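Notes follow once the structure below has been shown.
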Ligand code: 16G
Ligand code: MG
């Protein structure tokens, strides 16, 4: 590092001293904390983003959001060149940067790191970072801190993309690195065009009954509601009413996908008048989506249609299209190609969903909780579909498969234009454009759900009847040190401390259809307990007794 670069870094970082006593970790969703302590962290993530862009010689994204957290929190995370999450091997450096106690130590860390990674500084190469933020009031000044971090690395340029959903920013990074145009307008056009394409390909005779034509969306009083209003203006073929779009009401307070999924009650501004209508809820940065319908006479209770069911709907549709596409007669036998198709879940997926998917002939695999793990696994297939029960998920298509599909479609267009086979090819191509392949995206996911429901002629109730969830219960337990829990097999087995797994197994065995696991949370200082069983009472009892085991083995925290 030359003297000029050294003095720029020293000078700028001295303007962003870390608050005393705050230690943050990059975690599953970047850094998150009360917004008032984040200036220094975000400044440093700006530096990190610039170095990442130099290293990869690609456009990088930096998003300021704390998703479904309360409005006074904020956070920051990086989007890698593919549009996915920051590569895991850079996370320790992110932690070290964020926790460097002063400017000198920060400088030393950067110096060592660029040497180790062979990153050329001094402006010999250029770097470009796209910045986005959600609607939180603290976003603007944090974005300024990020810019200053970026600007303190010679050759790095920050491009402010404004207020965005998290998936929009990831999409833009991915698009830019594929040399495609990457503005919000292009994003909206790609979504609305591919949605239109799916609607135009709906078989004659599929008709959802009148009441189900309308969709009401809870925008969590956040960026998702705002963007859906814009998208809705250019959409054709959907009747959407948006509530909690952020003009009144507080972000994530009694609203949003996280609230709806955890509490299983209606969000604010929904009630008895909405019984029977198809409703959806986005989270604070619009990377999660759940559906629900309001139950009659049930005190704001809802029928939740969660990520597992969205996954099942997507998997069913994709499988149907593949079967149609590959319906070979003798002439076309050699034209058939069966892509590898995998479905990725976590241990939180309801057991009934896993059974359903397996009975449908699908390959189901499990990973640890956290989008980066699911995404990585899904990318191993030609078509990988992943979802967390909380509504985060997407579909990934391999380049190789899309290339084949494109070719097959052209061939079918010349030999049997308008045939069922060709329509299936066109539908799969449209899905690959509609769904956000960078990351789970509530807006594109919502359009795909809507297109498939119209295709099938299904109401939300018919969809929800695909299978019935097993009753489940989630608890959190405060313990002295949650990191004492070490798990394996996609968090389904505790390997340390010894004896815990045996005790959990003994409890679980007492309940028909019992299943239970525990894991240390990645976002809160607690151990999470998940239990499911044949009845709600049994699931509650199993969760409670395993929570007590945690207390016994690990000691209750304060
Ligand atoms: C983060 C993860 C989410 C996961 C959740 C689990 C991302 C973008 N988000 O929000 O996927 O479900 O953490 O939280 O990866 P927990 O570890 O506190 O249970
Ligand atoms: Mg989110």
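Any read-out appearing in this document is the output of simple, stated calculations on the displayed coordinates, not a laboratory observation. On a predicted model such as this, the values are computed, not experimentally measured, just so you know. All Cβ positions, glycine included, derive from the backbone under ideal geometry; neighbour counts span all protein chains shown.
Data overview
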quantity: Packing-based order for 95-103, 340-348, using average beta carbon neighbours within 10 Å, highest first; calculated: 340-348, 95-103
quantity: Contour excess over end-to-end distance, with Cα ends at residue 495 and residue 140 and 0.36 nm allotted per residue; calculated: 123.3 nm
quantity: Relative contact order (percent, whole number), the range 213-305, Cα cutoff 8 Å, 6+ residue spacing; calculated: 32 percent
quantity: Modelled label reach - residue 95, point 7 Å along Cα→Cβ, the range 32-54 residues with backbone N closer than 16 Å; calculated: 32
quantity: Bridge type composition, the chain - antiparallel percent by DSSP, nearest 5; calculated: 55 percent
quantity: Protection proxy ranking, peptides 48-59, 275-286, 150-161, 173-184, average beta carbon neighbours within 10 Å, highest first; calculated: 275-286, 48-59, 150-161, 173-184
quantity: Three-way shape label, the range 63-221, alpha-carbon gyration tensor, a/c 1.5; calculated: prolate
quantity: Pairwise FRET efficiency - residue 178 versus residue 233, Cβ, R0 = 35 Å, nearest 0.05; calculated: 0.85
quantity: In nm, spacing of pseudo-spin labels at residue 57 and residue 398 (7 Å Cα→C-beta vector); calculated: 2.6 nm
quantity: Percent RCO, i.e. relative contact order, over the range 472-554, from Cα pairs under 8 Å lying at least 6 residues apart; calculated: 39 percent
quantity: FRET efficiency, residue 72 to residue 461 (Cβ-Cβ, R0 41 Å, nearest 0.05); calculated: 0.60
quantity: Considering only the range 3-180, percent of DSSP beta bridges that pair antiparallel, nearest 5; calculated: 40 percent
quantity: Percent of Cα-Cα distances greater than 26 Å, calculated over the range 434-553; calculated: 40 percent
quantity: Gained length - residue 380 relative to residue 125, 0.36 nm times residue gap less alpha-carbon distance; calculated: 88.5 nm
quantity: Cα→Cβ-extended label distance, 7 Å offset, between residue 358 and residue 240, nm; calculated: 3.7 nm
quantity: Burial order of peptide ranges 468-480, 399-411, 428-440 (average beta-carbon count within 10 Å, highest first); calculated: 428-440, 468-480, 399-411
quantity: Whether the range 213-305 is rounded, prolate or oblate, judged on the alpha carbon gyration tensor where a/c under 1.5 counts as rounded; calculated: oblate
quantity: For the range 8-48 versus the range 137-174, the gap between their alpha-carbon centres in whole angstrom; calculated: 14 Å
quantity: Euclidean distance between Cα centres, the range 242-264 to the range 353-374, Å; calculated: 28 Å
quantity: Reciprocal of mean inverse Cα separation for the range 278-408 (Kirkwood radius, Å); calculated: 16.1 Å
quantity: Separation in nanometres of the label points that stand 7 Å from Cα toward Cβ, at residue 338 and residue 544; calculated: 4.9 nm
quantity: Relative contact order [Cα under 8 Å, 6+ residues apart], the chain, whole percent; calculated: 12 percent
quantity: Percentage, to the nearest whole number, of Cα pairs in the chain over 35 Å apart; calculated: 39 percent
quantity: Computed FRET value (nearest 0.05) for residue 11 with residue 117, which takes r as the C-beta separation and R₀ as 35 Å; calculated: 0.90
quantity: Full-extension gain in nm, residue 200 to residue 411, via 0.36 nm per residue minus C-alpha separation; calculated: 73.9 nm
quantity: The range 371-431: C-alpha gyration tensor shape, a/c 1.5 cut-off, then a/b vs b/c; calculated: prolate
